[in-house]
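Only one structure is covered here, and it is reproduced in the block below.
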């Protein structure tokens, strides 16, 4: 990095204004929080309106826009040697149904802000720089998260992605066609030189440790199980304990056992959550006859993840034996762990340190587009802390203008270093 | 009992036909079971239609009908000494929203069948015999079960009962007035000589033990708690275990602990059920922020019940300490145990034995009108087994014609003995 570029900083207010303006697209009043939230489910009219706004800004910044077959957008700033693979930055702007303004948008608008800053300062780079908007990252509408980046990276076939349908039976393909989003860039895409993504942490670790930047080690493996526990509904007052098949008790035993597995330390950095529980008939004086629970397992270590699943399945048999219920387990999601290359982590940490920002190495709990593009190229991520324990997927989601600017200044410097490197 | 009356039996087919015909009033098709169910919520038009049908049969049997202030019906067969207090038999014909044909109806129509049998055989009794239909036993519409019998017995004041409202704001008093059900019998009523009620078991114990008749010891104490567990919603992948306040884990710990309390045997014949659980936001990848659970405790021993509540409350404090949640407990129902007099239990057992029926002493898990009238007079109950683990409050509720007839033959003989006894 030259002496000049080391002093360049992004425009904090411009970044903030763009986050605010994009947050008005798909805005709604959230009853639970009494706050304005964002609802831009993938490939809805609101999502398209958000894309139009951002693509307009991209064009104003002189970027050349292309789309690939799954509707991912690539906005290109030419390099001095434009034949070289670009440094790709990006994220997504589609949202969950009760979203805030930061999830994904910071990565896309931060990429745009990097380009604007380079332009403002008349800085050219050896390699091109591209800003990506990936399609359907949240998976809320069509059921598969990181859908667009997974197609770009070749993990999911285009035809399979196009055939996915929402709850009204509308397919991804039909929506791409309706909005004219099918571009001429083939998938899988040509590997970029490197990929970088800045994202809000969506958790409490950075704030709890008083850190300004998270250097992301990788993305944890994720396994989702849906358990259907079949017992027997029975009168709470007239059915002795030994004649019960209590599906609610079985669910509780599994929940407590899972917590014990985490606390045992036997499965590395396992996280386990029973988030959903639906009792039937769900009445005060009826022993639950059927219970559905979900299990969310996360682990940066794939082997330890598998071991935890095996041991949990063995425990199901114990619970069946003890309580007389039957437990049916269905795997509804499963992704392997992704480790970002050490040199990408070191690169991010160096920029943060040189900017005087405190940082911590952290494993992403959520999936991200970077985890997909990592299959094509060296990838890295920058996390910024959020208030309120990093709450996300909620209108209370909030990262300060300073935290956002810190993350994008780190991104700017990392992009410059990658885009100008010899190899 | 004379040699003549010892050979008298009720008419099994007539009893069954009356149960079947009453089951057509308020009949509906139940989606869950694909069976015909019964829906006669108290003081609805369906309930009144059911009453009219049964009261018509009562009049045909020559009974003299009166009502009390809360709409309970008393159908009287005169005694040889009509100045003596009557032997009262009865139950209710109002139902839950998804009922079968037996709950309550067996006691009322069985009482009618006893009277019809006495008439058929030209048998008179020293004391009068009365058949009662009690108002709003289920408590489903207005929120308090055994409402009519509790007013008759003086536990609940008439004005308080009349002022109870359903979810549309319609009061008991308004419905009594609309249907012209307010009678001239003052409440509390004059104590009868004794009270007997035949009812389906609504549980699996008799069938599991291969017994034909349940001699009811009494009605268990019931305590209902509603627990609101306040934790903190958090991202399942991004929130380390030690930074969680997991309301779902707390609920599971309480559920498992309660089961352990039952199994310890330290609380006598305690039954405990967590029937309802509502997680918020109830999503696979969010640590439950708030959970509502209900606790249903039953115990024939009032002291042991109190001890279990105290120990459970102490455990809540432990859970709060361990998980960081806050637990708010609200008592939504609480009734003391009722013990039926030994001589009433012996009377029932003797009739069953003389009829060659196998029987078992059993504590009622559910509340019944007999538990209220027991405050006025010696009371007793006869249980008959049901199929499918005694499932009740469900269209699958079923007791065979033979089981129903067995119970009512026991009732007939017990009524004869009580109605003819010298004291």
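Tabulated data
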| quantity | calculated |
| --- | --- |
| Label distances, nm, residue A:123 versus same residue in remaining copies, Cβ-directed 7 Å point | 10.4 |
| Residues listed by number, segment B:274-297, amide nitrogen under 19 Å from residue B:320 label point at 7 Å toward C-beta | B:289-295 |
| Degrees between helix B:342-354 axis and first principal axis of chain B (Cα, 0 to 90, nearest 10) | 70 degrees |
| Expected-Rg normalisation [2.2 N^0.38 Å, Cα atoms] applied to segment A:1-136 | 1.11 |
| Packing rank of A:266-273, B:167-174, where each peptide gets the mean count of other beta carbons within 10 Å, highest leading | A:266-273, B:167-174 |
| Pairwise FRET efficiency - residue A:331 versus residue B:177, Cβ, R0 = 60 Å, nearest 0.05 | 0.50 |
| 0 to 90° range, to nearest 10: angle between helix A:105-120 axis and chain A longest Cα axis | 10 degrees |
| Shortest-first nm distances, residue B:269 label point to equivalent points in other copies (7 Å, Cα→Cβ) | 5.5 |
| Burial order of peptide ranges B:408-419, B:185-196, A:397-408, A:195-206 (average beta-carbon count within 10 Å, highest first) | A:195-206, B:408-419, A:397-408, B:185-196 |
| Shielding of A:285-297 by partner chains, average beta-carbon count, 10 Å | 4 |
| For chain B: relative contact order, % (alpha-carbon pairs under 8 angstrom, 6 or more apart) | 23 percent |
| Contact order relative to length of segment B:221-335, as percent, for alpha carbon pairs under 8 angstrom and 6 or more apart | 45 percent |
| Backbone N within segment A:390-405 under 17 Å of label point (7 Å from residue A:31 Cα along the Cβ vector) | A:395 |
| Peptide A:385-392 - average C-beta neighbours from other chains (10 Å radius) | 3 |
| Contour minus Cα-Cα distance for residue B:185 and residue B:292 (0.36 nm per residue) | 34.2 nm |
| Segment A:134-246 shape via C-alpha gyration tensor axes, a/c threshold 1.5 | oblate |
| For A:241-249, mean number of other protein chain Cβ atoms within 10 Å | 5 |
| Most to least packed among A:316-323, A:368-375 [average Cβ atoms within 10 Å] | A:368-375, A:316-323 |
| Position residue B:306, label points 7 Å along Cα→Cβ, spacing to each other copy in nm (shortest first, one decimal) | 5.9 |
| Chain A: calculated mean residue ellipticity at 222 nm from DSSP helix runs of at least 4, using -39500 (n - 2.57) | -11000 deg cm²/dmol |
| Nearest 10 degrees, 0 to 90: helix A:45-60 Cα axis against chain A principal axis | 20 degrees |
| Label point distance in nm, residue A:350-residue B:167, each placed 7 Å from Cα along Cα→Cβ | 6.5 nm |
| At 0.692 mPa s and 37 °C, Stokes diffusion of segment A:194-340 via Kirkwood alpha-carbon radius, µm² per second | 192 µm²/s |
| Debye intensity ratio in log₁₀ form over the Cα atoms of chain A, taken at each q of 0.10, 0.11 Å⁻¹ | -0.71, -0.84 |
| Segment B:337-423, relative contact order [Cα under 8 Å, separation at least 6], % | 31 percent |
| For a label point 7 Å along the Cα-to-beta-carbon line of residue B:423, residues of segment B:92-136 with backbone N under 18 Å | B:127 |
| Theoretical FRET efficiency, 1/(1+(r/R0)^6), r = Cβ-Cβ of residue B:17 and residue B:157, R0 60 Å, to 0.05 | 0.95 |
| Per-bin percent of Cα-Cα distances, the protein assembly as shown [20 Å] | 15, 35, 24, 18, 8, 1 |
| Cα convex hull of segment A:355-398 - mean projected area over all directions, nm² | 4.4 nm² |
| Separation between Cα centres of segment A:66-110 and segment A:207-264, rounded to whole Å | 37 Å |
| Cα gyration tensor shape for segment A:268-327, rounded if a/c is under 1.5, else prolate or oblate | oblate |
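Values quoted throughout were computed directly from the atomic coordinates according to the rules given, and no laboratory measurement underlies them. All values reported here derive from a predicted model rather than from experimental measurement. Cβ: placed from backbone, ideal geometry, glycine included. Neighbour counts: every protein chain shown.
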